[in-house]
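See structure below.
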Amino acid sequence: MKNFISILISYLKRNRAIIIAYIIIYITFTVVFSLYSLPVEAVLYAAAMSFFFIAILASIRFYKFYKHHNILHHMAVNITASIGELPEPVNSIEADYRELLLALNRERIDLISEHDRNFTDMTDYYTMWVHQIKTPIAAMRLILQSEKSEQNIELSAQLFKIEQYVEMVLGYMRSENMSSDLVIRKCPLDDIVKQAIRKYSASFIRKKLPLQYVESGITVLTDEKWLCFVIEQIISNSLKYTHNGKISIYMDKDTENTLVIEDTGIGISPEDIPRLGEKGFTGYNGHENKKSTGIGLYLCKKILKKLSHIMTVESVLGEGTKVRIGFITEEFKHE
């Protein structure tokens with residue numbers, strides 16, 4: 001009702017010139033009839049008759065105006081509607097506005113198409129670059145493994161970091177349009193976690209950090225590749241910020257569908273936790289560690305949202321961090 005009244009007021013304001021003109025004409029006729037001592041009843045009768053016909057005409061015009069408004073309001077709410085669904089113009093001014101909107105829409109479509117082409121070209125280039133750079137990385141790893149020395153061990157660790165960054169670039173590029181790359185199926189969670197652990201086994205040994213892993217024995221509905229990427233990123237962060245103690249991976253005791261990755265690292269400031277996962281946000285620890293970019297958790301949050309999983313973070317500064325991944329799905333069950 002409130003919306004109807006506001007539309008009615010808007011309609012009256014739009015036609016106020018006609019309303020004022022009618023009132024002026026009525027007053028003019030009344031004054032002239034009075035000056036010439038003519039019966040004013042004739043003016044009143046004519047005014048009543050004309051008001052009746054004007055009211056009918058105004059009602060019809062208001063109905064069209066109201067319908068016109070509802071169509072435009074619906075298109076504004078559902079912005080994905082085609083510009084071709086605009087109602088037909090009722091006058092030349094509306095026709096001009098319609099042509100202007102069509103011209104702007106054509107320009108918008110051209111800009112979107114150009115952006116999509118540029119993005120596709122950039123994605124193709126970086127994908128090709130990532131696959132090409134993996135060849136010299138693999139070659140350098142073989143060379144370093146041919147001779148055992150402290151220097152080669154350290155160089156292998158740095159080479160592993162390079163490979164991580166390369167994979168992060170590929171993950172970042174693919175995450176922009178990952179829907180077409182998803183393969184959702186039931187996967188044993190332990191297989192995915194063990195795959196991520198194996199990748200970082202050398203890092204655990206080099207940092208002399210123990211890993212406590214309790215198998216879950218469950219199956220989850222997910223994309224194996226992308227979930228593994230997320231778990232790898234979380235383990236990588238735990239290794240980066242944990243210098244003493246241990247890293248633990250287990251299922252939450254309170255809920256059987258939540259994986260917990262816990263470390264005894266430097267922790268996260270309470271004020272930084274709500275902003276974790278924002279693009280480019282590094283927080284206090286990121287400022288302390290100049291190499292931190294914050295892109296890892298941003299990708300994790302983005303990927304898990306696509307997979308319909310939930311990530312929450314609990315942390316105490318100086319004591320450690322718990323990252324929980326919740327698998328909210330009816331297909332979640334014990335093996």
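I'd like the residue in the range 201-234 that is among the small types (Gly, Ala, Ser) and either in contact with a strand residue (DSSP E or B) (Cβ under 9 Å, 6 or more places away or on another chain) or without any contact (Cβ under 8 Å) to a residue 40 or more places away in the chain (or both) and, out of all such residues, is farthest from ILE325 (Cα to Cα). Quick ask: steps written out before the conclusion?
Keep residues of the range 201-234 that are among the small types (Gly, Ala, Ser), which gives 201-203, 216-217.
Adding the requirement that they be either in contact with a strand residue (DSSP E or B) (Cβ under 9 Å, 6 or more places away or on another chain) or without any contact (Cβ under 8 Å) to a residue 40 or more places away in the chain (or both) leaves 201, 216-217.
On the way: SER201: 22, SER216: 13, GLY217: 16 Å.
Result: SER201.
List pairs: first in the range 185-200 and within 10 Å of VAL220 (Cβ to Cβ), second in a helix (DSSP H, G or I), Cβ under 7 Å, 6+ apart or cross-chain?
Hits for this filter: CYS187/GLU224; ILE192/GLU224; ILE192/LEU227; ILE192/CYS228; ILE192/ILE231.
Taking the range 100-136 as the region of interest, how many residues are hydrophobic (A, V, I, L, M, F, W, C) and over 24 Å from GLU176 (Cβ atoms)?
Keep residues of the range 100-136 that are hydrophobic (A, V, I, L, M, F, W, C), which gives 100-104, 109, 111-112, 119, 122, 128-130, 133.
Next, from what is left, pick out any that are over 24 Å from GLU176 (Cβ atoms): 100-104.
So the count comes out to 5.
Could you check, for the range 34-48, whether at least one of its residues is hydroxyl-bearing (Ser, Thr, Tyr), exposed (fewer than 13 other Cβ atoms within 10 Å of the Cβ), in contact with a helix residue (DSSP H, G or I) (Cβ under 9 Å, 6 or more places away or on another chain) and farther than 30 Å from SER175 by Cβ? Please lay out each step first, then the result.
Here is the first cut: in the range 34-48, the residues hydroxyl-bearing (Ser, Thr, Tyr) are 34, 36-37, 45.
Imposing the further condition that a residue be exposed (fewer than 13 other Cβ atoms within 10 Å of the Cβ) reduces the set to 34, 36-37, 45.
Of the ones still in play, those that are also in contact with a helix residue (DSSP H, G or I) (Cβ under 9 Å, 6 or more places away or on another chain) are 34.
Restricting the remaining residues to those that are farther than 30 Å from SER175 by Cβ gives 34.
Looking through the range 34-48, at least one residue is hydroxyl-bearing (Ser, Thr, Tyr), exposed (fewer than 13 other Cβ atoms within 10 Å of the Cβ), in contact with a helix residue (DSSP H, G or I) (Cβ under 9 Å, 6 or more places away or on another chain) and farther than 30 Å from SER175 by Cβ.
Going through ASP254, ASP272 one at a time, which residue ends up being touching a helix residue (DSSP H, G or I) at 6+ places or on another chain (Cβ under 6 Å) and either in the same structural domain as GLN195 (by TED's automatic domain parsing) or at pLDDT below 90 (or both)?
On the way: ASP254 fails: touching a helix residue (DSSP H, G or I) at 6+ places or on another chain (Cβ under 6 Å).
Result: ASP272 is the single residue among ASP254, ASP272 that is touching a helix residue (DSSP H, G or I) at 6+ places or on another chain (Cβ under 6 Å) and either in the same structural domain as GLN195 (by TED's automatic domain parsing) or at pLDDT below 90 (or both).
Take the conditions modelled with pLDDT under 90, within 22 Å of TYR298 (Cβ to Cβ) and surrounded by fewer than 17 Cβ atoms within 10 Å (Cβ to Cβ) and apply them to VAL183. Does it pass?
Values: modelled with pLDDT under 90: yes; within 22 Å of TYR298 (Cβ to Cβ): no; surrounded by fewer than 17 Cβ atoms within 10 Å (Cβ to Cβ): yes.
Against the criterion (modelled with pLDDT under 90, within 22 Å of TYR298 (Cβ to Cβ) and surrounded by fewer than 17 Cβ atoms within 10 Å (Cβ to Cβ)), VAL183 does not qualify.
Within the range 175-261, considering only strands (runs of 3 or more DSSP E) that don't extend past its boundaries, which have at least 1 residues that are in contact with a Cys (Cβ under 8 Å, 6 or more places away or on another chain)? It would help to see each step written out before you state the result.
Details: elements: 185-188, 211-213, 218-222, 247-251.
Where strands (runs of 3 or more DSSP E) fall fully within the range 175-261 and carry at least 1 residues being in contact with a Cys (Cβ under 8 Å, 6 or more places away or on another chain), they are 218-222.
Looking at the range 72-92, which of its residues are modelled with pLDDT of 75 or more and surrounded by 13 or more Cβ atoms within 10 Å (Cβ to Cβ)?
Result: PRO89, single match.
Being of a type in the set (A, V, I, L, M), modelled with pLDDT of 85 or more and crowded, with 16+ Cβ neighbours inside 10 Å is the filter here, so list the residues in the range 160-174 that pass it.
Matches in the range 160-174: VAL166 only.
The values are calculated or read from the model by the stated rules, or taken from the named source; none is laboratory data. Everything quoted here is computed from the prediction, not taken from an experiment. For neighbour counting, all protein chains shown are included, and Cβ atoms are generated from backbone atoms with ideal geometry for every residue, glycine included.
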